[in-house]
Amino acid sequence: MSFFKPEELASLQINRMILHVVGGEGDFDPQPEMPEIEDEGFFIARIQDFASDSVHVFDEHSDTKATLQQLASDTMGFQDAGQTLARRFSNDHVGSSRDGAFFVFQIGCADNRTSFYSMIKYDYRQAMELYEDHGRNALRRIIQAFIQEKRAIQKCCLVRVTDGVVNDEVSAIDRMGKAPDLTDYFKSFLQVNRNRTDQELNRSLNEAIRSTLEFCKHHLPDGAAAALDLVREHLRGRENIDEESVREAIFVAAGRPENEEVQSEIEKVTNREMRRKRLSGVTFKPDPQILRRAPRRRIRTAEGVAIEFPGDQEQRAVVKTIEGRTTTITITTSQALVEDVTLPYKPRDQAGPVV
């Protein structure tokens, strides 16, 4: 939900809405703006479900952005703009796509300078409604129904408007695409491009994990560095990475703590650091190279003793054990020492930071 600020999230309201049927073999049938918005909370919840950080931006010549800008600047009415967007979406609707409903929402919040536009392609579902018939329970089939299931929403995008100007960044998801990429059809309709590559997302994730573990290191049984390797290893083999998988990996690295206060603190810090790196709600492919185990580890004690070793030798050739305030480091080697020399004197205050 980090597309919205906390104060915005608490005050979202749908001001206007228009709905068109898309797909099928018939001609596009323009519809009027809906005079009343029934069950506003249902649609607000669906929009919040997909309010992820943006990884796309509008093209300079995006027709969709141009239409939204006309709407934001009051040079085009909401009904005309909604029909224009729906017509374009319907005319380009690919044959393999499900028939459904295309919504355009105008959303307000407590900040009068800020508003939002959302476009959602919602699949139809058949549903059975339970109702009372002369004192007895009865069922009837609803042919076109919108349900809460996340997979019922096929495509969704959110755009922010500040002081009447449509922002370039777009929060967009596409169930048929390989997250966070969009299908060619939806990308062409929005006319957007990626502004963060998978490699950039993985590097941001690396930093979010590192900072989370540093803040929570007092809850990590084997220390932050060992936990970092465990988290990377856990995520490296996944098909996709999202917030839930990151939280799960960090809880595993923390030894699956049962204390609720510890769980709450770790989750709070993880969410905060993911938001800080603009990764909330974003799904992307892991990069094994970026998420590999640390190539080298360096430990320095308060007494100025420094040890550097390959990361994959931790808890193998180099083993740390902690008893109270005392840490014992044991190095095991099957060969004679490769090097054992004296070095020039260096004051402790120049020894560099602890890593």
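The values are calculated or read from the model by the stated rules, or taken from the named source; none is laboratory data. Here the structure is a predicted model, which is why all the values come from computation and not from measurement. Note: ideal-geometry Cβ built from the backbone for every residue, glycine included; neighbour counts use all protein chains shown. With ligands, DNA and RNA removed, areas are computed over all heavy atoms of the protein, side chains included. Shrake-Rupley method; radii C 1.70, N 1.55, O 1.52, S 1.80 Å.
Simple spin-label model, 7 Å along Cα-to-Cβ: A317 to R292 in nm?
1.7 nm
Take E60 and T301, extend 7 Å from each Cα along the Cα→Cβ direction, and tell me the distance between the two endpoints in nm.
Result for the modelled spin labels: 6.2 nm.
What is the set of long-range amide H partners of N15 at a cut-off below 5 Å, with H atoms built 1.01 Å from backbone N?
Distant-sequence amide H within range of N15: Q106, I107, G108.
How much length would be gained if the chain were fully extended between Q70 and R275, taking 0.36 nm per residue of separation minus their Cα-Cα distance, in nm to one decimal?
70.7 nm
Under a 1.4 Å probe, what is the accessible area of the range 1-96 per residue, stated in Å²?
Per-residue accessible area for the range 1-96 comes out at 52 Å².
If I stretch the segment between I37 and R325 completely, what's the gain in nm (0.36 nm per residue apart, minus their alpha carbon distance), one decimal?
Here the answer is 97.4 nm.
What is the range 207-249 by shape, rounded, prolate or oblate, if you read a ≥ b ≥ c off the alpha carbon gyration tensor as root eigenvalues and call it rounded for a/c under 1.5, prolate for a/b larger than b/c, and oblate otherwise?
Since a/c reaches 1.5 and a/b is larger than b/c, the shape of the range 207-249 is classed as prolate.
Which FRET efficiency value, to the nearest 0.05, is calculated for Q335 and V252 with the Förster distance at 30 angstrom and r the Cβ-Cβ distance?
That pair, Q335 with V252, gives E of 0.30.
Applying the Karplus parametrisation 6.51 cos²θ - 1.76 cosθ + 1.60 with θ = phi - 60° to the phi angles of the range 249-259, what ³J(HN,Hα) value in whole Hz is obtained for each residue in order, glycine and proline being reported as x?
5, 5, 5, 4, 5, 8, x, 6, x, 8, 5
Quick one: if the Förster radius is 35 Å, what FRET efficiency do R238 and N15 give, using the C-beta to C-beta distance and rounding to 0.05?
The computed FRET efficiency comes out at 0.30.
Quick check on packing: order 326-335, 251-260 by the mean number of other C-beta atoms within 10 Å, highest mean leading.
251-260, 326-335
Give the carbon-plus-sulfur fraction of the accessible surface of the range 1-116 in %, rounded to a whole number; probe 1.4 Å, heavy atoms of protein chains only.
Roughly 43 percent of what the probe reaches on the range 1-116 is carbon or sulfur.
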